[in-house]
Structure formats: C-alpha cells, structure tokens
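What follows is a set of notes on a single structure, which appears directly below.
The values are calculated or read from the model by the stated rules, or taken from the named source; none is laboratory data. Just so we're clear, the structure is a prediction, and the values are computed from it rather than from any experiment. So basically every Cβ, Gly included, is an ideal-geometry build from the backbone, and we count neighbours across all protein chains shown.
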Amino acid sequence: MSEEGLRRFFVERIDPDAGVCRVAGQEAKHIRKVLRMGIGQPLLLVDEGGRRVIGRITSVSPQEVQVLVETLLSPAAAPLVEAVLCQAVLKSQRMDWLIQKTTELGVRRIVPFFSERSVVDLYGEKTENKIRRWREIARMATTQCDGDRPPGIDPPLSFAECLARYRDEAVLKGILWEKTIGLTNLKDFLRSNAASPRRFIGMVGPEGGFSEREIEEAAASGFVPLGLGRRILRAETAGMILVGIVQYEWGDLGEAADRQRQTAGTDATER
C-alpha cells in the first residue's frame, strides 16, 4: 500500500517486530472524535526516531487506538541541518507562538531554560501541564506544515544545566545577544563554518535578555556571542529568526535544499 493520501499520526515509539502499534493521547482523540476513523481504515504512523509504518485500525477505545502494522516504510530522510533551540521560558502566549513557528521552520529540538531575567516561574504540576501543551502545539504545527516529525521538547532546565548539557559537544554553538557592536553576525558565522557538521545549537534569552555574566559563562562553555543585525528583536522573534537563518543557510529553505533536489533528480535520471 502506498503512503500517498494517508492520514499521518505521531507516536512515541514504533517497534517494528511487535506487529501492533498503540496510538494514545491527543492523536487517539483526533482519530476517534475529530476524524471519526473506524476499524479497517488505513493510516500512516511516524515515531520520534523517524520510523514509519502503514497500518490499519483494529480497535478504537476512549484510551487508545490499536493499529495492525502492514507495511514498514523506509525512515524519514535525515534533515539537512539539525537545529537545536535553547530558549529561555517566555510568557505563555509568546512561548506558544515561538514553539509553533520554529516547528514550522523545522527545529529539531527545543530546550527551555530559566535565566537570571526570566519572568516566568514554573513548578510541579504547572510545569507538566506546560510541557504537555507545548508538545501538543508542536504536534499540531508539524501536521499542519507536513513536517516529518515534531521536535523534541524537553522539561525546563536551569541556565547552568543547559550549558552543562552541551558544554562538551563539538558542534557549532551560538548565543544571541542584543549588544551587537563588535559581535559576529549569525549569518556570517554560519557561512564561515559551512564545512562543519550540520548541527547548530543556539541560545536565546528571555524578555529582558541575558546578563553579561551569563554571556561570559556561555562563552566559556563554547557558545559564541552572535548578533542578528542592528535591530533589537523580541525574544520570541529572535528565536524564530535564528532557526529561519540556520535553515536558510544550511537547511531546507535555501541553496542547500536546492542542491539536494538537483542531486536527487540526477540520481533518479541515472537509475
């Protein structure tokens, strides 16, 4: 069976050997209550690792939808660039908007964190509810823009924990700072490192920006202070622009994607 025209749903993990997949949560609710899909109908499932299967619904309950796996497809193509956004937690609607837009642009992971000037405080059940909401926003945005899978969204970290997590990663890392005089521009930074592995980790601060101490600590952990030009942008705008520039320079919004399409066309002709 071809995947063309099939409804696509996201699950946490597909076990190719199990023969059956279980769809739960909002995806199951969407299948059952919104689309009103029933037993025997085919669909496409994609997990967080990019595995994809075609299956048919075998049972529907308020808790889950069971799917019998019929066809194991090739994994989703690896992205041209893996963009990781470490974003200071913003006020509710601003964070929601940022997650939606960066998901549409193809961010692979969003790592929320708290910094000195963060104005949002999350704890306990409130944190769990926020994470659940953010992941649902990302799932819906991925479906809407026909993305291959939603970005991973981690529980919020402290600023120090966020730096420690990526301190030893030998990839390009940058931290946006509004004091742009004398700073390297993000675009120029990416172009001067075009031969590097296509993984970029970017940090964006809260509404009040980063303190100088935080910039110094980030630089000591391998994050290069970068600017976006002469304008001072809102935090949510800066996060979106960062992902957009990375995708344009290295990913599927610019020349890199054009070259990939040309190569694919040449390969198809040769075969």
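Side notes on the structure shown:
- Within the stretch 155-198, tally of residues that are closer than 30 Å to Arg8 by Cβ and crowded, with 17+ Cβ neighbours inside 10 Å: 2
- Residue that is nearest to Ser221 (Cα to Cα) [pool: residues in the stretch 77-99 that are in a strand (DSSP E or B) and modelled with pLDDT of 95 or more]: Cys86
- Looking across the stretch 132-176, the residues that are of a type in the set (A, V, I, L, M) and out of contact with any Asp or Glu (no Cβ under 6 Å at 6 or more places or on another chain) come down to Ala138, Met140, Ile153, Leu157, Ala160, Leu163, Ala164, Ala170, Val171, Leu172, Ile175, Leu176.
- Listing of strands (runs of 3 or more DSSP E) fully contained in the stretch 5-62 that carry 1 or more residues being free of Cβ contacts under 8 Å to residues at least 24 places away in the same chain and among the hydroxyl-bearing types (Ser, Thr, Tyr): 52-60
- Filtering the stretch 225-252 to residues that are under 15 Å from Arg198 (Cβ atoms) and either in contact with a strand residue (DSSP E or B) (Cβ under 8 Å, 6 or more places away or on another chain) or outside any loop (DSSP other than H, G, I, E, B) (or both) leaves Val243, Ile245, Val246, Gln247, Tyr248, Glu249, Trp250, Gly251.
- Within the stretch 63-76, the set of residues being of a type in the set (A, V, I, L, M), part of a strand (DSSP E or B) and within 27 Å of the chain's Cα centre (by Cα) comprises Val65, Val67, Val69, Leu72, Leu73.
- The residue of the stretch 73-99 that is surrounded by the fewest Cβ atoms within 10 Å (Cβ to Cβ), among those that are free of Cβ contacts under 8 Å to residues at least 60 places away in the same chain and hydrophobic (A, V, I, L, M, F, W, C), is Ala78.
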